[in-house]
Amino acid sequence: MDHHIQERLGCRYYLRYMDDFVVFHEDKLFLTFVKKKIVEYLKELRLCLHADKCRVYKNSDGVPFLGMVIFPNRRRLKRESVVRFKRKLKRFQERHKTNRVPWRHIHQSIQSWIRHASHADSMKLRELIFSEIVFRKEREDWKPANCQKTEDC
């Protein structure tokens, strides 16, 4: 597929990750031609493009790809991706507080999202999200330092 798109069709600006791909070009007619040729090529392989997801976008409007919107001069995370992650963090907070999920699992999930988000222009967004979140545990054996007797606490 990569060789077909780049060498045979002459697409210089092409991104692919697994089964998702994007072709960039300034000419809408050329992109329509490329799409037609890709459909024909995939038909030979008994594959097809997803009808709802395959379309021609203006570069200036941004192109959705892998949870981001790619513009000519920047990459932004999709709003839904950020909202979903913030909800997940809140669930992690509650579950961690009551010892229902190990910290190792939370840490791995957060690191994974940070690595994904780092491919977009998201430093300030990440700082904002993580400045709002605190993970604390409820401890049954915790008492204030000045507490002498159980009834005083």
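Some notes on this structure:
- Using the alpha-carbon positions of the chain, Rg (one decimal) and Dmax (whole number) come out as 23.9, 81 Å.
- Ranking I133, H107, I38 by Cα position along the charge dipole of the chain, where only Lys, Arg, Asp and Glu carry charges on their C-beta atoms, puts I133 farthest toward the positive end.
- The stretch 1-87: C-alpha gyration tensor shape, a/c 1.5 cut-off, then a/b vs b/c: prolate
- Rounded, prolate or oblate (a/c below 1.5 giving rounded, otherwise prolate when a/b exceeds b/c) for the stretch 44-88 by Cα gyration tensor: oblate
- 1.4 Å probe accessible area per residue over the chain, in Å²: 81
- Qualifying lysines (Cα of each under 19 Å from Cα of K37; at least 8 residues distant if same chain): K28, K53
- Relative contact order of the stretch 65-127, defined on C-alpha pairs under 8 angstrom at six or more residues apart (%): 38
- Note on K88: accessible area is roughly 80 Å² with a 1.4 Å probe, heavy atoms of protein only.
- Per residue, the average separation of C-alpha pairs within less than 8 Å and at least 6 apart gives the stretch 1-98 a relative contact order of 14 percent.
- Taking amide H as placed 1.01 Å from N in the peptide plane, M68 has its amide H under 5 Å from the amide H of K78, each at least 5 places away in sequence or on another chain.
- With respect to the chain, whose longest principal axis is taken over its alpha-carbon atoms, helix 28-44 is tilted by about 90°.
- With the simple spin-label model, which puts each label point 7 Å out from Cα in the Cβ direction, the E44 to K97 separation comes to 5.9 nm.
- Rolling a 1.4 Å probe over the protein heavy atoms leaves H25 with an accessible area of roughly 80 Å².
- The label-point distance for R74 and V22, in a model that sets each label 7 Å from Cα toward Cβ, rounds to 1.5 nm.
- Under the Karplus curve 6.51 cos²θ - 1.76 cosθ + 1.60, θ = phi - 60°, whole-Hz ³J(HN,Hα) for the stretch 115-129, x wherever Gly or Pro sits: 5, 5, 5, 5, 6, 9, 7, 9, 4, 5, 4, 5, 4, 5, 4
The values are calculated or read from the model by the stated rules, or taken from the named source; none is laboratory data. Note that this is a predicted model, so its numbers are computed, not measured. Cβ sites come from the backbone with ideal geometry, for glycine too, and all protein chains shown count toward neighbours. Note: areas computed on protein heavy atoms with side chains; ligands, DNA, RNA excluded. Shrake-Rupley method; radii C 1.70, N 1.55, O 1.52, S 1.80 Å.
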